[in-house]
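Structure record follows, encoded as structure tokens.
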Amino acid sequence: MKLASLKSGRDGKLVVVSNDLAWYADASHICPTMQAALDNWERIAPKLEALATDLEHDVIPKERFHEHDAASPLPRAYQWADGSAYVNHVALVRQARGAEMPESFWHDPLMYQGGSDGFLGPRDDIPLGDVAWGCDMEAEVVVVTGDVPMGVSTHEAREHIRLVGLTNDVSLRGLIPDELAKGFGFFQSKPASAFSPVFVTPQTLGSRWDGGKLHGALCVDLNGQPLGRADAGVDMTFDFGQLVAHAAKTRNLSAGTIVGSGTVSNRDADGGPGKPIGEGGLGYSCLAEVRTIETIQSGKPVTPFMKAGDTVRIWMEDEKHHPIFGVIEQTVVAA
């Protein structure tokens, strides 16, 4: 089952979307919003599944699904907790600035709490106040949970995952160092994120979902040129069961909590840093990693961050090369 929220008020209008993303059926007679469905998942999900089946069988009214009309599936959320599950990415960034990699990073996940009071739609522009802020994309996988009790085990945490999707977790790299130097974490350097047009139930993903990881190439293009094709199921040090359990160690998580994987990052086949697609590698899911490798190899970065007019495109394809979650496509605009 694939779910989306059409732009309507602050919380959108819930719709069920066909597997090929071509059509949608209004679900508001079952449940008005995505959050309301998650709040009552055990009761509402079977009804939405039945609606999705009727949509696929073409026995109910349907309308064309246009991704430009979609908000992020959760236009705002009670919680957005982003991890850094691909420790390869962290190791490279620290290597570039000559910082030691703590051993704990390999067995204790990094995680921060992002702003969730308003997300960008999957086709909304990225407003940028100053090019010196260093605007970067971060292509990631996310899951959405139901209610998760405090102290849940990794195995139990996986059972609380309701939906899977993608995000562009926009980062302002020029602001990050000064914020982290204060020792109090991200705030100004993490503006509104955008999420894929649809979120998908784990069962619908078939063999791509193994209970804790999403497998497949996460595609990232910048200005029409391939930037990344990293496999989300490879080099993921902490799976989503571990990330959700980490987030719930000292608190309950409310239904509708979004947990992110962090930037998807693969090492090269020889064990070294990833290589550009043009050199036979899988490329990168953010520009910071490109610049990090340039710094490691030549002493300084060359690739610029995004500026007004640049467009990033993020998606994942099925076996027929059709987007599974729809496409995040955003253009940076001067704000």
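The values are calculated or read from the model by the stated rules, or taken from the named source; none is laboratory data. Quick caveat, the model's predicted, so the values are computed rather than measured. All Cβ positions, even for glycine, are placed from backbone atoms using ideal geometry, and neighbour counts span all protein chains on display. What goes into the accessible areas is simple: the full protein's heavy atoms, side chains included, and nothing from ligands, DNA or RNA. Shrake-Rupley method; radii C 1.70, N 1.55, O 1.52, S 1.80 Å.
How large is the accessible surface per residue of segment 5-98, computed with a 1.4 Å probe and reported in Å² as a whole number?
It amounts to 47 Å² per residue over segment 5-98.
Round to the nearest 0.05 the FRET efficiency obtained for GLN225 and GLU179 when R0 = 30 Å and r is the Cβ-Cβ distance. Could the numbers behind the result be given before it?
Numbers: r = 31 Å, r/R0 = 1.02.
E between GLN225 and GLU179, to the nearest 0.05, is 0.45.
Any idea what the relative contact order of segment 130-256 is, in percent, if you count C-alpha pairs under 8 Å spaced at least 6 apart?
Contact order relative to length: 33 percent.
Does segment 1-76 come out rounded, prolate or oblate, given a ≥ b ≥ c as the square roots of the eigenvalues of its C-alpha gyration tensor, rounded meaning a/c under 1.5 and, failing that, prolate meaning a/b above b/c?
Note, shape of segment 1-76 comes out oblate.
Could you work out the Rg to Rh ratio of the chain, with Rh taken as the Kirkwood radius (inverse of the mean 1/r over all Cα pairs)?
Radius of gyration relative to Kirkwood radius: 0.95.
Expected output is a single nm value to one decimal: the length gained when fully extending between ALA99 and TYR112, i.e. 0.36 nm times separation in residues minus the C-alpha distance. What is it?
Length gained, ALA99 through TYR112: 2.7 nm.
For SER265, enumerate residues with amide H under 5 Å from its amide H, sequence gap 5+ or separate chain, H modeled in the peptide plane.
Counting only residues 5 or more places away or on other chains, the set is empty.
Give the lysines reachable from LYS182 as a straight Cα distance under 17 Å; neighbours fewer than 8 places away on the same chain don't count.
LYS190
Give the average over all directions of the projected area of the C-alpha convex hull of segment 158-286, one decimal, in nm².
With the hull built on Cα positions only, its mean projection is 10.0 nm².
So for the chain, averaging the separation of alpha carbon pairs under 8 Å that are six or more residues apart and normalising by length, what relative contact order in percent results?
22
Give me the percent of accessible area attributable to carbon and sulfur for the chain, probe 1.4 angstrom.
The nonpolar share, carbon plus sulfur, comes to 51 percent.
What does the charge dipole of segment 16-62 about its Cα centre add up to, to the nearest 20 debye, if the Cβ of each Lys and Arg holds +1 and the Cβ of each Asp and Glu holds -1?
140
Any chance you could give the angle, 0 to 90 degrees and rounded to 10, that helix 41-56 forms with the longest Cα principal axis of the chain?
Helix 41-56 sits at roughly 80 degrees to that axis.
Straight distance only, please: which lysines reach the Cα of LYS320 with their own Cα at less than 20 Å, same-chain residues fewer than 8 apart left out?
Cross-link targets: LYS2.
To the nearest 0.05, how large is the calculated FRET efficiency for THR311 and GLU49 if R₀ is 30 Å and r is the Cβ-Cβ distance?
Working: r = 35 Å, r/R0 = 1.18.
Calculated transfer efficiency: 0.25.
Note the angle between two axes, namely the Cα long axis of helix 287-298 and the longest principal axis of the Cα atoms of the chain, as a number of degrees from 0 to 90, rounded to the nearest 10.
20
Against the longest alpha carbon principal axis of the chain, how many degrees, from 0 to 90 and to the nearest 10, is the axis of helix 87-96 turned?
The answer is roughly 30 degrees.
Could you give the alpha-carbon Rg of segment 111-194 over 2.2 N^0.38 Å, rounded to two decimals? List each step's numbers first, then the result.
Working: Rg = 15.3 Å, N = 84, 2.2 N^0.38 = 11.8 Å.
Ratio of Rg to 2.2 N^0.38 Å for segment 111-194: 1.29.
For segment 72-204, what does the relative contact order come out to in percent, with C-alpha contacts under 8 Å and a separation of six or more?
In percent, rounded to a whole number, it is 29.
What lysines sit close enough to LYS300 to cross-link, taking a C-alpha to C-alpha distance under 20 Å and skipping anything fewer than 8 places away on the same chain?
Answer for LYS300, where 20 Å is the Cα cut-off: LYS275, listed by chain and number.
Stretched out fully, how many nm does the piece from HIS66 to VAL131 gain, at 0.36 nm a residue minus the Cα gap?
20.3 nm
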